[in-house]
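Undergrad: Have a look at this one.
Quick note: the coordinates plus some simple rules give every number you see, no bench work behind them. Just so we're clear, the structure is a prediction, and the values are computed from it rather than from any experiment. Heads up, the Cβs are rebuilt from the backbone with ideal geometry, glycines too, and the neighbour counts pull from every protein chain shown.
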C-alpha cells in the first residue's frame, strides 16, 4: 500500500509538470490506478466499483475531448 | 511496521495534495488546472477512507451483537459512514468536472485560448476604457 502511494506521488508529479497534455492525462490515469488498489486494500470494494469507471473512463474521456477541441501542447 | 507503512501512506497523500494545489495555483493552462482538481479531490477521498479504516480507531457498526458470529464480524469490520460519504463525493465531483469542462470549452470559443494569461490580455484589449452597462437616457 505504501509502494502504491509512492507510485501515486511520482505519477502526480509527472502529470503536473508534463507539458504535453495527453501524457499528463495518461499519468493522472496511472495515479488513479494506484488509488484503486489503495481503496481495495483499505476494504472498500464498493468504492472501487464506482471509482474505476469514473476515474479511469469518464475523466480521461472528458479531458481527451477537451484536449482535442482546444489543443494538445501547453504553452509557457 | 504497520505504523511505518501507514505513515508513508499519509505522507504520500499529503505530498499529493501539495503538488496538486501547486498545479492549480501556478499553471496558467485550464486543462492542467482541471487535471490537478481531479487529483486533489481523489486524494481527499482517499484520506477520508484512511480515517474510516480500523487502524487508528476501531469503528462501532450499527449492529447488535447477538451471537458470536456478530462479535467476530464487529472485530473485523471497517467504518461504513466515510465510505458512503466518499461514494457520494465521487459522483458529485464527476458532475462538477463535467460542468468545468464545458465552461472551459465555452471560454475557448469566446477568447480563442485556454491559457489564462492570453484570455486576460484579450479581455483587457477588447474592453473599452469606459464601460457603460446601460444605455443613457436621451435628455430633453
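Undergrad: Could you tell me the relative contact order of region A:2-70? Use alpha-carbon pairs under 8 Å, at least six residues apart, and round to a whole percent.
TA: 32 percent.
Undergrad: Here is a follow-up. To the nearest whole number, what is the average tally of beta carbon atoms from other chains within 10 Å of the beta carbons of peptide B:34-45?
TA: Values: counts 7, 13, 5, 0, 11, 11, 1, 1, 11, 4, 0, 6.
Average per residue, whole number: 6.
Undergrad: Another question about this same structure. Taking each residue in A:65-75, count the Cβ atoms of any other chain within 10 Å of its Cβ, then average. What number comes out? Display every interim value, and only then the final one.
TA: Values: counts 3, 10, 2, 0, 7, 12, 6, 1, 1, 7, 7.
That average works out to 5.
Undergrad: For B:92-100, what's the mean count of beta carbons from other chains sitting within 10 Å of each residue's beta carbon?
TA: Mean shielding count: 2.
Undergrad: With r defined as the distance between the Cβ atoms of residue B:10 and residue B:73 and R0 fixed at 25 Å, what FRET efficiency is calculated, to the nearest 0.05? All intermediate terms of the calculation are to be shown ahead of the outcome.
TA: On the way: r = 28 Å, r/R0 = 1.10.
After rounding, the FRET efficiency stands at 0.35.
Undergrad: Is it possible to state the helix-based mean residue ellipticity at 222 nm for the protein assembly as shown, with each DSSP H run of 4+ residues giving -39500 (n - 2.57), the sum divided by total residues, to the nearest 500 deg cm²/dmol? What is it?
TA: -24500 deg cm²/dmol
Undergrad: Could I ask something else about it? Percent relative contact order of region B:6-126, based on C-alpha pairs within less than 8 angstrom and at least six residues apart?
TA: Rounded, it is 26 percent for region B:6-126.
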